[in-house]
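Asker: Questions regarding the structure given below will be posed in turn.
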There are 2 protein chains.
Amino acid sequence: MTGPRYTPLIDSLPSTVPFVSPEELERRLGRPFRARLGANENIFGPSPRAVEAMAAASSELWMYADASHQALKSALSARLGVPFDQIVLGEGIDGLLGYLVRLLVAQGDAVVTSDGAYPTFNYHVAGFGGVLHKVPYRADGEDLPALIEKARAVDAKLIYFANPDNPMGSWSTGAEIVAALDDMPEGCLLALDEAYAEFAPAEAVPQIAADDPRVLRLRTFSKGYGLAGARVGYVFGAQPLVKAFDKIRNHFGMNRAALAGALAALEDDDWLAHVQAQVSAARDRIGAIAADNGLSALPSATNFVAVDCGRGGAFARALLGTLAEDGVFVRMPFVAPQDRCIRISAGRPEDLDILAEALPGALDRAAAATQT
Amino acid sequence: MTGPRYTPLIDSLPSTVPFVSPEELERRLGRPFRARLGANENIFGPSPRAVEAMAAASSELWMYADASHQALKSALSARLGVPFDQIVLGEGIDGLLGYLVRLLVAQGDAVVTSDGAYPTFNYHVAGFGGVLHKVPYRADGEDLPALIEKARAVDAKLIYFANPDNPMGSWSTGAEIVAALDDMPEGCLLALDEAYAEFAPAEAVPQIAADDPRVLRLRTFSKGYGLAGARVGYVFGAQPLVKAFDKIRNHFGMNRAALAGALAALEDDDWLAHVQAQVSAARDRIGAIAADNGLSALPSATNFVAVDCGRGGAFARALLGTLAEDGVFVRMPFVAPQDRCIRISAGRPEDLDILAEALPGALDRAAAATQT
């Protein structure tokens, strides 16, 4: 008996995964982390009203969610000033990126991203047979004009651009993005990943007409709203593209309690403001801890800070290991020269106390391990 | 400005959806249903322990779920007697069917199902450009030998077979399935959808070696465990196929609280037994209500009952409408001659009281509406 016959594309794919989860790292380490500062989760948590709404909805989970997502989409429509039918919800931005790539990218089609940007996007492009062209970061930021120039050169159907950027925390202004759009080649879409928009200054959020066919914006309840584990993301843009998601999406794929939680979170502006203040304070504290250790924190418009460790990727990778030994989970950029940094998510004062306590020794041990 | 360039396959897809959700039907009707008996949800609900686990996990939803799903997969492994790495979790059977089709079906590849079986499977096959070949039901049941014969004739890569069947509630014995497997053509996989396994007699569940490369089994927490809105399904089978899901799945796509709820549900055998007893009583009651109205209920190994209305599809469709007017949500098979039936999900006594009260008038009005 032979096994099933996979598609040639599937046969060609490696068995890699975009990320190893912190729980898996803890199992390898043999103990839990003391400070979970690596996955850009919002440790300040969701609104208490969201928690309450999800707890209340737990007993209703015998029912499938409303596949039209009427309540949450209506609230988003009012909040964003975007028509209801120009918004679609999905299983986090990860899930929505998968759908978007599937809509546009057939085998061999060109796609453009930054070298070192979000790996899950690359995973989806590979998964549908797209050919990925990478543009270097410029001054630790994604370089939108260069991305567009590359898209024109390779006839790309899709550009990925995160603003603010992950993993560096850098950002372009909305005005820069709007200006760059006019250079977009015909038939190319800009996927504008705004996962961290709630942490960014207002000037980083572009004013783009909701029916502009050149852009699709991706947002999430995972970051500012503290609901990473709930899996609620959304996209908005021109109606034909948004409607095309209905051709392929998992219509009954959303968790019913998660939708209720996201709606309650969206309506709690006070909690969002509280989280923004906590994150801002945490960014400052991470900067101070870095400085105390002779390192320099990069400016951030997100809930994490890239800290320049002043040496190459081997040292930063060693430091990730020594911090993990001490129970501190952080991550780092994948690609040089950004991989001179480690990426630390905003934590509560008690989490950052642990970081502050662990960092000096971890730096010493990383230095010893990478001495040649 | 033109819009983005879709793939040719996407351009060819219609904008249909597999199902309209009851909430959408309620909005069209202008009022809520009094009895929600159409989506084969488990109205008896999840285990109170699962509700408690999900409510407790609500405040932890700032964390992504463990992408390895260690806790729930370990429990399933022990329960099923299947090695850990031969199980993969996903966003309901719907999501897993999408992944499975994507693994095997390239454009033009042949796939076989029963005419009138689960439409979401067909949706995924169309979504990846597969060519669907349909085999008629036989005596209101899916006809596995005929499915296999068709697969051989068209060189199919994949057969869909639900046991017990939805929408008819019929079933094959495990022994019949095991015997049929020996006729499977090489390189063809049987997707064995066992969504309703917890409601079926033991003899309906086949004994198949976990590493048999001819079969992939699909199960869910949506039905027996009452967690449809949580979105937790799983597949198990030979390791290479199960591992291939990791090439394409949304690794961080699961809701963290849902995983906790499913684990608690799996461990509460008493609640499952309670639900099974309630469902069994509800099936009997639906049979009695049908008989009181001159209709005949078909045997069922699921949490729903197909009720033969004794006339054609036009009458049954009219009856769906007149029942909905009276606040009773049920569905029906799509294809003749099974569309002579309506499909009624198991309800609590108070739900079935509403059905019993509404049915005589709804039958009269449907008869009047379809009189020629």
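Asker: Are any of the residues in the stretch B:64-75 in contact with a Phe, Trp or Tyr (Cβ under 8 Å, 6 or more places away or on another chain), hydroxyl-bearing (Ser, Thr, Tyr) and surrounded by 22 or more Cβ atoms within 10 Å (Cβ to Cβ)?
Answerer: Among the residues of the stretch B:64-75, at least one is in contact with a Phe, Trp or Tyr (Cβ under 8 Å, 6 or more places away or on another chain), hydroxyl-bearing (Ser, Thr, Tyr) and surrounded by 22 or more Cβ atoms within 10 Å (Cβ to Cβ), which makes the answer yes.
Asker: Which pairs turn up if I take residues in the stretch A:255-281 that are of a type in the set (Val, Ile, Thr) and look for partners that are surrounded by fewer than 24 Cβ atoms within 10 Å (Cβ to Cβ) and not in a helix (DSSP H, G or I) with beta carbon separation below 6 Å, at least 6 apart in sequence or on another chain?
Answerer: A:275/A:44
Asker: Follow-up question, since we're still on this one. Here are A:311, A:331: which of them is among the charged types (D, E, K, R) and surrounded by fewer than 18 Cβ atoms within 10 Å (Cβ to Cβ)?
Answerer: Residue meeting the stated conditions: A:311.
Asker: Is at least one residue of the stretch B:267-283 within 30 Å of residue A:220 (Cβ to Cβ), crowded, with 23+ Cβ neighbours inside 10 Å and within 14 Å of another protein chain (Cβ to nearest Cβ)?
Answerer: Scanning the stretch B:267-283 turns up no residue that is within 30 Å of residue A:220 (Cβ to Cβ), crowded, with 23+ Cβ neighbours inside 10 Å and within 14 Å of another protein chain (Cβ to nearest Cβ).
Asker: Please find, among A:96, A:100, A:89, the residue that is surrounded by 24 or more Cβ atoms within 10 Å (Cβ to Cβ) and touching a His at 6+ places or on another chain (Cβ under 7 Å).
Answerer: Among A:96, A:100, A:89, only A:89 is surrounded by 24 or more Cβ atoms within 10 Å (Cβ to Cβ) and touching a His at 6+ places or on another chain (Cβ under 7 Å).
Asker: Show me the helices (runs of 4 or more DSSP H) found entirely inside the stretch B:10-114 where at least 2 residues are on the phi < 0 side of the Ramachandran plot and hydroxyl-bearing (Ser, Thr, Tyr).
Answerer: Because the criterion is at least 2 residues that are on the phi < 0 side of the Ramachandran plot and hydroxyl-bearing (Ser, Thr, Tyr), the helices (runs of 4 or more DSSP H) in the stretch B:10-114 that meet it are B:70-80.
Asker: Also: Just to be sure I understand the filter: pairs with C-beta atoms under 7 Å, separated by 6 or more residues or on different chains, first member in the stretch A:39-51 and in contact (Cβ under 8 Å) with a residue 24 or more places away in the chain and under 15 Å from residue B:64 (Cβ atoms), second member of a type in the set (Ser, Thr, Tyr) and surrounded by fewer than 23 Cβ atoms within 10 Å (Cβ to Cβ). Which pairs pass?
Answerer: Cβ pairs passing all conditions: A:45/B:59.
Asker: Are there any strands (runs of 3 or more DSSP E) wholly within the stretch A:130-226 with 1 or more residues that are under 21 Å from the mean Cα position of the chain (by Cα) and closer than 30 Å to residue A:348 by Cβ, and if so which?
Answerer: Strands (runs of 3 or more DSSP E) meeting the threshold: A:158-162, A:189-193, A:215-220.
Asker: Now a separate question. Scan the stretch A:27-36 for residues that are at the interface with another protein chain (Cβ under 8 Å from one of its Cβ atoms) and crowded, with 17+ Cβ neighbours inside 10 Å and jot them down.
Answerer: Answer for the stretch A:27-36, where residues must be at the interface with another protein chain (Cβ under 8 Å from one of its Cβ atoms) and crowded, with 17+ Cβ neighbours inside 10 Å: just A:36.
Asker: Got a number for residues in the stretch B:2-26 being over 27 Å from residue A:129 (Cβ atoms) and either under 19 Å from the mean Cα position of the chain (by Cα) or facing chain A (nearest Cβ under 7 Å) (or both)?
Answerer: The total comes to 6.
Asker: Say whether the condition of being closer than 24 Å to residue B:173 by Cα and of a type in the set (S, T, N, Q) is met by at least one residue in the stretch B:97-110.
Answerer: There is no residue in the stretch B:97-110 that is closer than 24 Å to residue B:173 by Cα and of a type in the set (S, T, N, Q).
Asker: Search the stretch B:37-59 for residues being more than 7 Å from chain A (Cβ to nearest Cβ) and in contact with a strand residue (DSSP E or B) (Cβ under 8 Å, 6 or more places away or on another chain), and hand back the single one that is surrounded by the most Cβ atoms within 10 Å (Cβ to Cβ).
Answerer: The residue in question is B:37.
Every number here is computed from the coordinates shown, using simple stated rules; none is lab data. All of these numbers come straight from a predicted model, not from anything done at the bench. No Cβ is skipped: glycine too gets one built from the backbone with ideal geometry, and neighbour counts run over all protein chains shown.
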